[in-house]
Structures are given as C-alpha cells and as structure tokens.
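Chemist: Please read through the structure below; I'll follow up with questions.
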Amino acid sequence: MNVSRIRTLSSALVAAVLLLPFAPARPADEPVTAETHMVVAANPHASEAGLTILRAGGSAVDAAIAVQLVLSMVEPQSSGIGGGAFMLVYDAPEDGAAEPGLDAYHGRETAPAAATPDMFLDEDGRPAPFPAVGIGGISVGVPGVMRMLEAAHRDHGRLPWKELFEPAIRLAERGFEISPRLYFLLDRYARFARGEDFRAHFYDADGNALPTGHRLVNREYADTLRLLASEGADAMYTGELAEAIVREVRDNSVRAGRMTLEDLAAYEPRKSAPLCSPYREWRVCGPQLPSSGGVTVQQILGILGHFDLAADAPESPRTLHLLAEAGRLAFADRNLYLGDPEFVDAPVAALLDPDYLARRAALIEPDRALSSVAAGEPLQARHWDFSAGPRQDIPSTSHFSIVDRWGDAVSMTTSVQGAFGSQLMVGGFILNNQLTDFSFEPTRFGRPVANRAEPGKRPLSSMAPTLVLDGEGRLKLAIGSPGGTRIINYVSQALVNVLDFGLDVQQAVSAPHIVAQDDSPIELEERTALTERRDELEEMGHRVVPRNLNSGLHGIVVDHRDGRRVLRGGADPRREGVALGD
Ligand code: DON
C-alpha cells in the first residue's frame with residue numbers, strides 16, 4: 001500500500017472517530033416552569049451559576065457571563081473563553097415604551113493578518129483532512145467571547161463585572177466531577193489527544209481519560225478568571241496572557257499557527273440590530289452574518305410560510321417533505337452567497353425578499369422531491385462571482401437561553417468549533433479551531449469561494465441563537481442549538497414545532513430530527529419513529545439515511561396570561577443540560 005493511500009485511510013479513520021455520535025439519550029419530560037427567571041444551559045453547574053447570578057439581582061446578560069465562564073471548564077469540548085459566540089439580547093419595553101430593544105452581538109473568531117486562502121490545502125493543493133489542520137495552531141482564530149461579553153455587559157449589566165466571576169472561580173478551585181459526556185468524549189479522543197497541556201489536564205500518565213466522577217480542579221483557570229475579573233477582557237488581548245496565547249499558537253508541539261500580538265490587540269466584537277423577519281403572526285430574529293444561522297433559518301421559515309403546516313402532524317410525510325425541500329433550497333443559497341459581510345457583499349435582503357421566497361416555495365412539488373436544488377437568483381446577486389463552498393460538521397458547541405426578572409432575555413450560542421477546539425491550552429482554557437469553518441478550498445470551478453480564508457476575515461458560522469416575538473413585541477421564545485450546519489435544521493424544526501404545531505418547549509426540543517441540506521441525502525434521527533417514514537420519503541424520490549443527530553436545543557417559552565409571565569424551559573435530552581428557575 002503506498003504512503004498516500006495509508007495516509008488517506010488513517011485520516012478517514014481519525015475523521016470517522018472525530019465525527020462519532022455522543023448521545024446518552026434521556027427520556028423527554030415535562031418542561032420546567034418558573035415565574036421570575038430561568039436559565040437553560042448544557043451543564044447543571046453552568047445553569048446553577050446562571051441562577052445564582054439571577055437570584056443575586058443580575059440581568060440575563062450578567063447570568064450569561066457566569067454561565068460561559070463555567071461552561072469553559074465543565075464542557076470544554078464545546079465552548080470556552082478561548083472561543084467565539086453569537087448573542088441576542090431582548091430588552092423588554094419599559095413602562096410607556098412601545099418597542100422592545102433588540103441587540104445582536106458577535107465575538108466571532110478572526111483570522112490573523114498572516115492568513116492566506118491556501119492555508120488549509122495540503123502539499124498537493126488538495127483540501128487537507130480535518131485532523132491534519134484542526135489540531136494545533138494553524139486553525140486558531142483570535143478568540144472573541146470575552147470582548148463580546150464585556151461589550152454586552154457595558155450595555156446590559158446590572159451587577160459588577162467582577163461578581164460574575166465568583167461562581168466559576170469557586171468551581172475551578174473546588175473542582176467538579178467529570179460528567180459522563182465529558183468522559184465519553186475524552187475517551188473517544190484519547191488516541192488523537194495531542195496538545196501537551198490538554199493531555200496533562202484531562203488524561204492520566206498512561207494516557208487514559210480521567211474517569212466520570214473524577215474531581216477536576218483547575219487552579220490555572222481560577223488565576224485567569226481572577227485576572228479577567230480585575231482587569232477586564234483587556235487582560236486576554238494584551239499583556240502576559242496574550243503573550244502566552246501567541247506563544248502557544250505559534251510554538252506548540254503539534255502545528256505552528258500564525259497569530260501575533262497585534263492580531264490579538266486589534267480584536268473587536270460587533271454589535272448591531274439582529275436580523276429579523278416575519279413568520280406568520282410572529283417576528284423571528286437571529287444573528288447577522290458572519291453567521292448564516294439568521295438568514296438561512298429565516299429563508300427556511302419564509303419558504304414554509306407558504307404552506308399550511310398545522311394542517312398535518314409534525315411527523316407526517318407531508319411535513320417532513322416540506323421541511324426537507326425548504327432546507328435543501330435554503331442551503332443551496334447559503335453555500336453560494338454567504339460569507340463575512342466585511343469581505344463579501346452577500347445579498348441578505350434579497351435572499352429574504354418575500355417575492356424571492358415565494359418563487360423558491362413555488363419550486364416545491366407536493367409529493368415529489370426536487371431531483372436537485374440550485375441556488376436561486378435573488379435580485380442583487382445576478383452578477384455573483386463566487387462558487388459554492390462545501391460544508392463540514394464536527395461535534396461540540398453549546399447554546400443557552402436565559403430570561404431575567406425584568407423579562408429581558410439572552411439567547412447565546414458559543415463554540416470552540418471542533419470538540420476540544422485546537423487542543424491547545426493556555427491559562428487553564430482551550431483555544432478554538434474555528435478557522436476550520438472557512439472553506440478549505442479557496443476556489444472552485446475557477447471562481448473564489450465566498451467563505452475562503454483571508455487576513456482579518458471571520459469564518460462563516462451556522463450558529464443560530466434565536467428570539468421570537470409576538471405581534472405585541474413581547475418575547476415568545478428564546479432558543480438555539482449546537483450541531484455545525486445542522487444547527488440551522490434543528491432550530492428551524494424546533495421553531496415550527498412550537499409555533500405551528502403548538503408543542504410545549506420540552507416536546508419541541510425532544511422531537512426526532514430531520515436534516516436536509518442542498519443535494520445531500522436527508523438524515524432522519526436514528527432509533528426514533530421518524531425512521532418509519534423512510535419508505536414514504538424514498539417513494540417521493542428523496543435519498544434518506546438514518547443518523548445519530550446530536551442536537552443540544554435549549555429553549556425558554558414565555559406565556560403571557562392575565563398580565564403574568566410564565567416561563568417554560570426545555571433542555572435537549574441528547575445532552576446533559578438542565579432548565580433551572582424560580
Ligand atoms: O460556527 C459554527 O457554525 C460551528 N463552528 C459550530 C460547530 C458546532 O456546532 C459543532 N457541533 N456540534
């Protein structure tokens with residue numbers, strides 16, 4: 001067997017293990033109810049930290065900061081202060097004000113100034129296998145979470161910044177018991193765990209993952225938190241911690257990266273209005289680019305709005321067919337048109353134009369799958385000079401939803417990209433590998449790909465933290481999920497489960513998934529009743545595969561009754577999250 005064949009096989013094996021499902025499924029239950037405040041996050045310690053801050057009089061943004069600082073430690077496979085995030089904030093109207101405030105923040109990782117479009121090609125000019133670039137320094141983007149949270153705290157904080165660090169510092173010093181899911185992932189990754197500090201922190205001397213129940217203390221992280229608590233996010237972007245980050249990225253034992261101190265010092269988060277569009281009687285809001293999670297979820301809903309979904313059951317063949325076709329059409333546009341808006345003039349308004357969406361919806365046949373889907377031609381994009389890029393999926397990422405006693409809310413999705421990010425650790429936290437969200441191929445069919453790597457650019461995301469408002473501008477729902485590009489399908493399906501089918505939020509997040517994107521086979525969640533629909537969908541011409549679909553939907557529905565607010569929280573039974581409230 002020649003060397004390149006061995007290399008291809010071993011990369012395929014590594015990729016297969018890296019992509020394995022991780023789903024200790026728990027039975028779906030009733031939603032958790034509360035009247036004052038609520039937090040739903042992917043780990044009980046994180047939900048508890050958020051609740052502690054809410055009880056102390058903190059705002060939803062204050063609680064979000066405490067949640068993120070704890071997730072960094074207890075769910076390091078998913079998110080952390082070395083990563084990036086998208087966050088929506090709902091500011092309930094004060095007495096007399098007609099409209100709520102809505103802010104979208106993002107702290108998306110940014111490519112260093114030395115990034116080049118070919119940085120993810122191998123020596124033969126082909127896209128490198130994921131594991132060859134996903135571990136080590138080359139894929140580390142300038143982290144954005146802390147700068148983003150600091151900006152949101154300036155606008156929406158009620159408690160002092162420093163106080164928000166206390167639950168995480170306590171936990172880092174006392175330690176927490178490794179959860180079954182963390183152990184499961186550490187064990188799965190044991191053979192590929194290459195970062196030295198990562199191995200030293202999470203594995204024993206023989207290379208075995210520390211077991212479930214092991215009390216893991218992280219004093220280095222406690223020191224980092226104290227520094228950030230007293231000096232603010234600046235401490236990560238200049239000074240000793242910044243120098244340690246750059247040293248680790250450039251000079252580690254796995255693969256050198258290109259980040260400099262100047263890249264870190266130049267980082268800025270973004271703040272804007274969220275992207276919103278109507279869906280039936282509601283207004284659905286999501287993040288702006290560089291996440292496709294706003295525009296693509298809203299395209300799917302905009303197409304589905306042309307059909308009476310509620311006329312059928314959520315798992316009927318007609319519903320599944322419509323979800324599939326809407327997903328396929330929206331992803332064809334996503335792959336061609338979307339990228340960092342500071343580099344690509346993506347036609348977002350035209351993609352959400354009601355006439356354009358009506359034309360896309362009209363392509364759908366009632367009982368026959370489209371044999372293939374192509375991107376449409378929204379008005380502004382007629383002279384589009386880009387090729388569609390491929391997409392990839394890796395398990396990690398975390399979503400949490402929070403409502404505080406003032407009725408203000410946060411919907412935040414946060415990620416280090418691949419599970420355990422780059423596996424490089426500094427200051428007790430993991431650095432992301434988010435630059436692997438760029439298209440590895442800079443050009444296709446002789447044209448550039450909109451989402452290719454470039455200096456100072458932010459990779460296209462699928463994170464879709466979502467807020468739904470009712471006709472009176474009141475918050476109806478906060479929700480989001482991990483799942484790579486599947487986030488968009490998970491969130492769209494959960495939205496129609498609540499808005500069209502009237503499921504409670506726990507049923508909506510527990511319901512079995514269908515994922516459909518461009519011309520890829522449709523995925524039905526394996527070991528669920530949905531797979532019984534396979535034959536009917538195939539008869540319509542769909543290609544169908546059963547698959548473990550590891551979402552992590554965490555949502556809160558707000559019911560307004562007689563001037564009172566009732567909060568109902570749903571946590572995805574596929575992960576370890578809990579809803580807590582008073
Ligand atoms: O930004 C994104 O869309 C991805 N980096 C998120 C990765 C993810 O959700 C992995 N999923 N399970």
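FYI, it's all coordinate maths here, none of it is from the lab. No experiment lies behind these values; they were computed from the predicted model shown. Cβ atoms come from the backbone with ideal geometry, glycine included; neighbour counts cover every protein chain shown.
Chemist: How would you rank 87-94, 482-489, 114-121, highest first, on the average number of other Cβ atoms within 10 Å across their residues?
Modeler: Working: 87-94: 21.6, 482-489: 27.0, 114-121: 18.2.
Ranked from most to least packed, the peptides come out as 482-489, 87-94, 114-121.
Chemist: Using the alpha-carbon centroid of each, what span in Å lies between segment 157-209 and segment 318-350?
Modeler: Answer, in whole Å: 36.
Chemist: What number in nm² do you get for segment 82-145 if you take the convex hull of its Cα atoms and divide its surface by four? Intermediate results must be reported in sequence, preceding the final value.
Modeler: Details: hull surface 26.3 nm².
Spelled out: convex hull of the Cα atoms, projected over all directions, averaged, 6.6 nm².
Chemist: If you average over every viewing direction, what projected area does the convex hull of the Cα atoms of segment 141-293 give, in nm²?
Modeler: Numbers: hull surface 50.3 nm².
If I average the Cα hull's projected area over directions, I get 12.6 nm².
Chemist: Below 8 Å between Cα atoms, with a sequence gap of 6+, how large is the relative contact order for segment 366-458 in percent?
Modeler: Values: 115 pairs, mean separation 23.5, N = 93.
That works out to 25 percent.
Chemist: Give me the Kirkwood hydrodynamic radius of the chain, using the inverse of the mean 1/r over all pairs of distinct Cα atoms, in Å to one decimal. Don't skip to the answer; put the middle values down first.
Modeler: Working: mean 1/r = 0.0424 Å⁻¹.
Kirkwood hydrodynamic radius for the chain: 23.6 Å.
Chemist: Equivalent-ellipsoid semi-axes (√(5λ), Cα gyration tensor) for segment 35-146, whole Å, largest first?
Modeler: Working: eigenvalues 272, 69, 20 Å².
The equivalent ellipsoid of segment 35-146 has semi-axes of 37, 19, 10 Å.
Chemist: Based on alpha-carbon positions alone, could you give the equivalent ellipsoid semi-axes of segment 224-316 from the gyration tensor, as √(5λ), descending, whole Å? Let's see the in-between values first.
Modeler: On the way: eigenvalues 392, 57, 32 Å².
Square roots of five times the eigenvalues give 44, 17, 13 Å.
Chemist: Restricting things to alpha carbons, tell me how big segment 419-468 is in terms of Rg and Dmax, in Å.
Modeler: Here Rg and the maximum Cα pair distance are 14.5, 44 Å.
Chemist: Also, quick follow-up: Which of the peptides 43-53, 262-272, 443-453, 367-377 is most tightly packed, and how do the rest follow, judged by the mean count of other Cβ atoms within 10 Å per residue?
Modeler: Values: 43-53: 25.0, 262-272: 16.8, 443-453: 18.7, 367-377: 15.2.
So the peptides 43-53, 262-272, 443-453, 367-377, ranked by packing, come out 43-53, 443-453, 262-272, 367-377.
Chemist: Now a separate question. With no solvent and one point on each alpha carbon, what is the Debye value of log10 I(q)/I(0) for segment 97-212 at q = 0.14, 0.16, 0.19, 0.21 Å⁻¹?
Modeler: -0.97, -1.09, -1.16, -1.18
Chemist: Residue by residue through segment 276-292, what is 3J(HN,Hα) from phi via Karplus (6.51 cos²θ - 1.76 cosθ + 1.60, θ = phi - 60°)? Round to whole Hz and write x for glycine and proline.
Modeler: Calculated HN-Hα couplings, in order: 10, 8, x, 9, 6, 8, 9, 10, 10, 10, x, x, 7, 4, x, 9, 7 Hz.
Chemist: Further question: Order of 316-325, 160-169, 347-356 by packing, highest average Cβ count within 10 Å first? Spell out each step's value before the answer.
Modeler: Values: 316-325: 22.2, 160-169: 19.6, 347-356: 18.0.
So the peptides 316-325, 160-169, 347-356, ranked by packing, come out 316-325, 160-169, 347-356.
Chemist: Here is a follow-up. Per the Kirkwood treatment, what hydrodynamic radius in Å, one decimal, follows for segment 493-579 from the mean inverse distance over all distinct Cα pairs?
Modeler: Numbers: mean 1/r = 0.0692 Å⁻¹.
The Cα-based Kirkwood calculation yields 14.4 Å.
Chemist: Once you have the Kirkwood Rh of segment 313-408 from its Cα pairs, apply Stokes-Einstein at 37 °C and 0.692 mPa s and quote D in µm²/s.
Modeler: Values: Rh = 16.1 Å.
Reported coefficient: 204 µm²/s.
Chemist: State log₁₀ I(q)/I(0) for segment 153-224 at q = 0.20, 0.27 Å⁻¹ as given by the Debye formula over alpha-carbon point scatterers of equal weight, solvent excluded.
Modeler: Scattering profile of segment 153-224, log10 relative to I(0): -0.86, -1.20.
Chemist: Sticking with this one: Kirkwood Rh, segment 435-577, all Cα pairs: how many Å? Intermediate results must be reported in sequence, preceding the final value.
Modeler: Values: mean 1/r = 0.0579 Å⁻¹.
Its Kirkwood hydrodynamic radius stands at 17.3 Å.
Chemist: While we're on this one: Rounded to the nearest 500, what is the 222 nm mean residue ellipticity of the chain from helices alone, with -39500 (n - 2.57) per DSSP H run of 4+ residues and division by all residues? Don't jump to the answer; show the numbers that get you there.
Modeler: Details: 19 runs with 191 residues, N = 582.
Per the formula, -9500 deg cm²/dmol.
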